[in-house]
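Q: Sharing a structure below in structure tokens format, with a few things to ask.
All of the numbers you see were taken from the coordinates with simple rules; none came from a lab. Just so it is clear, the structure is predicted and the values come from calculations on it, not from any experiment. Here the Cβ positions follow ideal geometry from the backbone for every residue, glycine too, while neighbour counts run over all protein chains shown.
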Amino acid sequence: MHIRDWPRSERPREKLLGRGAGALSDAELLAIFLGSGVAGRDAVQTARDLLTAHGPLRRLLDRPPAALARLPGLGPARACQLAAALELGNRLMAAALERGDALTDPVAAGRYFARRLRPYPHEVFAALFLDTRHRALAFEELFAGTIDGAEVHPREVVRRAPAHNAAAVIVGHNHPSGCADPRPPTARSPPG
């Protein structure tokens with residue numbers, strides 16, 4: 001059955017227009033980018049297949065565009081569309097900070113760091129420099145490390161703050177290994 005044969009309210013585009021993008025599943029959102037499926041599969045089923053084989057969504061979209069282009073159902077044009085959409089989201093988030101709004105919510109700062117540092121396959125330690133009203137002045141990636149660690153020198157963070165005339169600094173780093181525990185698994189104390 002083609003998507004055009006589905007009830008109108010269940011088609012991804014119509015669902016988005018009627019209920020908003022938040023009402024769509026990951027597969028339905030991905031299907032909108034695909035536009036069509038592969039032979040014998042509609043766009044939603046093709047998207048589900050991609051997520052099953054190469055997902056979840058974050059793992060799928062963390063791939064570089066060239067790797068996405070090699071996946072069945074994507075190809076270079078669709079891979080470029082997905083990469084461009086992700087970059088638009090990153091720039092939108094950066095623009096919110098650049099327009100002079102005060103950054104007073106720790107959750108918003110965490111989301112900003114997560115979006116900026118998510119693409120890296122290794123740990124990156126970064127700093128967001130703020131003025132006296134907690135508006136963003138600059139964002140710098142200060143240290144790069146391995147998949148599960150980065151050597152950080154506090155003096156470098158302190159040295160960069162006056163360079164931006166910053167009154168405050170928010171620091172953060174990514175966890176490309178997926179483990180946020182600061183100790184290696186073998187160093188954990190036994191339960192009890």
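Q: Where the centre of each part is set by its Cα atoms, how far does the stretch 116-142 sit from the stretch 37-69, in angstrom?
A: Here the two parts' Cα centres lie 30 Å apart.
Q: Given (1) 62, 46, 38; (2) 72, 39, 38; (3) 85, 41, 28, which label gives Cα extents along the principal axes in Å as computed from the coordinates?
A: (1)
Q: Still on this structure: Would the stretch 1-72 count as rounded, prolate or oblate if I go by the C-alpha gyration tensor, calling it rounded below 1.5 in a/c and otherwise prolate when a/b exceeds b/c, oblate otherwise?
A: The shape class here is oblate.
Q: Mean separation of Cα pairs under 8 Å and 6+ residues apart, divided by the residue count of the stretch 3-90: what relative contact order is that in percent?
A: Values: 84 pairs, mean separation 16.1, N = 88.
The value is 18 percent.
Q: Sticking with this one: Check Leu142: other-chain or 5+ apart residues with amide H under 5 Å from its amide H, H built from backbone geometry?
A: When sequence neighbours closer than 5 places are left aside, the close amide H contacts are Phe125, Ala126, Ala127.
Q: Summing +1 for each Lys or Arg and -1 for each Asp or Glu, what net charge is found among the other residues whose Cβ lies under 10 Å from the Cβ of Ala126?
A: Its environment carries a net charge of -1.
Q: Relative contact order of the chain, please, whole-number percent, based on alpha carbon pairs below 8 angstrom and at least 6 residues apart.
A: On the way: 235 pairs, mean separation 25.2, N = 192.
Answer for the chain is 13 percent.
Q: Would you work out if the stretch 102-173 is rounded, prolate or oblate? Take a ≥ b ≥ c from the square roots of the eigenvalues of the alpha-carbon gyration tensor; rounded if a/c is under 1.5, else prolate when a/b is larger than b/c, oblate otherwise.
A: oblate
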